[in-house]
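First comes the structure, then the notes that go with it.
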């Protein structure tokens, strides 16, 4: 099976000696991982087209595994890359997707949110959480059950308040989103 699709490049991992596994989010298939044969070679023509936090047009071939046969960078999201704050927010968004999105689960609302927010530079964690099925307005703190929550703890998939966030000590590897209710 062969398919051409626009994809958001989430990340890549080194695979074997010369290959990469590219983590993509696509409109029709959702999150997929595809092998890029020879992606680590300095002569690779496709690897520069598949940098994280870019939209690329990819041709995927599937036989025994999913492979990238061709790729062309469409949008490197230069608006986001020009601002340290926006770039940090976009990287955090990518980390959230990698943590919370299961493979092969397409979501058109999520796809259009990603296209719109990343190309415009207006990233809203509030909207992201709403699309993923979390209701920031109707949430209670995981720890103290207070009604007003300001943060979302991604690994626990739960909301927490300002006071309880300050009380969390030692767990430096947590991914916390500040939920801005005005968006």
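Coordinate-derived values only; no laboratory data. Nothing here was measured: the structure is a model prediction, and the numbers come from that model. Cβ sites come from the backbone with ideal geometry, for glycine too, and all protein chains shown count toward neighbours.
Hey, what does the equivalent ellipsoid look like for the range 2-75, semi-axes from the Cα gyration tensor as sqrt of 5 times each eigenvalue, largest first, whole Å? Intermediate values should be presented prior to the final figure.
On the way: eigenvalues 57, 38, 24 Å².
Semi-axes from the Cα gyration tensor: 17, 14, 11 Å.
Add -39500 (n - 2.57) for each DSSP H run of 4 or more in the chain, then divide by its residues: what number comes out at 222 nm, to the nearest 500 deg cm²/dmol?
Values: 5 runs with 47 residues, N = 183.
The helix contribution divided over the chain gives -7500 deg cm²/dmol.
Based on the Cβ-Cβ distance of residue 180 and residue 61, what FRET efficiency does E = 1/(1 + (r/R0)^6) give at R0 = 30 Å, to the nearest 0.05?
It comes out at approximately 0.10.
Shape verdict for the range 92-178, please, from the Cα gyration tensor: rounded (a/c under 1.5), prolate (a/b greater than b/c) or oblate. Numbers along the way, then the final one.
On the way: a/c = 1.99, a/b = 1.74, b/c = 1.14.
It comes out prolate by the Cα gyration axes.
What label, among (1) 16.6; (2) 20.3; (3) 17.6, belongs to Kirkwood radius over Cα pairs in Å computed from the structure on display?
Read-out from the structure maps to (3).
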